[in-house]
1. Just how large is the dipole of the chain about the Cα centre, in debye to the nearest 20, putting +1 at every Lys and Arg Cβ and -1 at every Asp and Glu Cβ?
2. Helix-derived [θ] at 222 nm for the chain: sum -39500 (n - 2.57) over DSSP H runs of at least 4, divide by residue count, nearest 500?
3. Enter the Cα centre distance for the pair the stretch 141-174 and the stretch 254-326, rounded to the nearest angstrom.
4. What order, most packed first, do the peptides 69-80, 162-173 have when packing is the mean number of other Cβ atoms within 10 Å of each residue?
5. Report the net charge of residues surrounding Cys83, where surrounding means a beta-carbon distance below 10 angstrom and charges are Lys +1, Arg +1, Asp -1, Glu -1.
6. Within the set of other residues whose C-beta is less than 11 Å from the C-beta of Asn229, count the net charge using Lys and Arg as +1 and Asp and Glu as -1.
7. Can you work out the Karplus-derived ³J(HN,Hα) for every residue in the stretch 33-46? Use 6.51 cos²θ - 1.76 cosθ + 1.60 with θ = phi - 60°, whole Hz, and x for glycine or proline.
8. By per-residue mean of other Cβ atoms within 10 Å, what is the highest-first order of 114-122, 98-106, 144-152?
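Every read-out reported here was derived from the displayed coordinates using simple, explicitly stated rules and does not represent laboratory data. Here the structure is a predicted model, which is why all the values come from computation and not from measurement. Cβ: placed from backbone, ideal geometry, glycine included. Neighbour counts: every protein chain shown.
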Amino acid sequence: MALPDNIKNKKLRGIAEKVCNKIPVGREDALYMLTTDDILDLGTIAHYIRTRLHGNIAYYGVNMNLNYTNICELRCPLCAYSCDEDDEKAFLLSLDEIEQRVKNAVSMGIDEVHIVGGLHPHLTINYFEQLLRLIKEIKPDMHIVAFTAVEYDYFAKKNKIPLEEVFKRLMDAGVEALPGGGAEIFSPRVRDIIAPKKISGSKWLSVMGTAHKMGLKTNATMLYNHIENAEDIVDHLSKIRNLQDETGGFKTFVPLQFHSENTKLEVTHTTTGYDDIRIYATSRIFLHNVPHLKALWMYLGDKMAQTLLRFGVDDIGATYHNEKVVHAAGAQTPDFGSETFLKRLIHKAQLIPERTTASYRSLSAGLEKEFV
Ligand code: SF4
């Protein structure tokens, strides 16, 4: 497959040549891509890579979000979702409530549960094992994507057991993949302001490296649109790419646009369409070794997420019954999108929708095949 030869921008033409010859692009290239106004040339390169990897397919999922508690010891300034134990909006779901929610979502045809929550001081690992086994009892083939690197690290410390044992016990109970949350931005300068008590960027990477070595595939996120700069973004992308070279465990990279409402961060700006396009296309081009790039329609809005399917994105996210975290921070999108809605977005972008899970197994028409 040849790259279209209509790239006019000289620097981007140089980057395109590297891409064609499968040479990883450099940090200077990334910095340039994050600031260029030639988004159509940039999009041509990103779309070339996306098509080389996935052809005309775009992925989506049918899942539910399970946020088991909003009580969290850390109370990060970037977070609109968490609260203290004595707050009137504090909640912790009982196993009975979880059973009801999962059964309800299963009756609506979900394939996957996406579980994350706050760092609750009184929950032991037994609660999580029971929660996972309960879900598997309700639907044995449910794909479970559960707990961020921040939660795994906390479980190990709280339960005074090695991280490997935490992974082993929760994998035995049903965890099949990890979401990529908690990465934020690795730069200590930024992290000290937006999430000072959260594990460091290097700790996040080391927890993910352990998960990969234990056979778990994971996502990786990057939170942008707060106080980061272009160098911080390139640093973040580089660290993901370096770990991926070692472990190959990242399936998907997920840039997340920061929403500031109800958080302690005073961020008054929001991204423009050009900004979002530069972030996604640069991620696609720089992270040559990570197979998938996901644009969560719930964070970006459905129209921008759909547009990004032509700028490197191959996965538009999922139906997300009952999403709580980004809506607490003011996202204006609905907290549920039907399968028909997602398929229409993909079809109208001239692509073929493929229903899948975070492990990218095909779920369309009973086919059993695995994508990259
Ligand atoms: S971002 Fe996560 S760790 Fe930080 S306060 Fe919110 S729930 Fe807790």
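1. Result for the chain is approximately 960 debye, rounded to the nearest 20.
2. Mean residue ellipticity at 222 nm (helix-derived): -13000 deg cm²/dmol.
3. 27
4. Going by the mean number of other Cβ atoms within 10 Å, highest first, we get 69-80, 162-173.
5. Around Cys83, the charge tally is -3.
6. Summing Lys/Arg as +1 and Asp/Glu as -1 gives -3.
7. In residue order, the calculated couplings are 4, 6, 10, 5, 9, 7, 6, 6, 5, 4, x, 4, 5, 5 Hz.
8. The most tightly packed comes first, giving 144-152, 114-122, 98-106.
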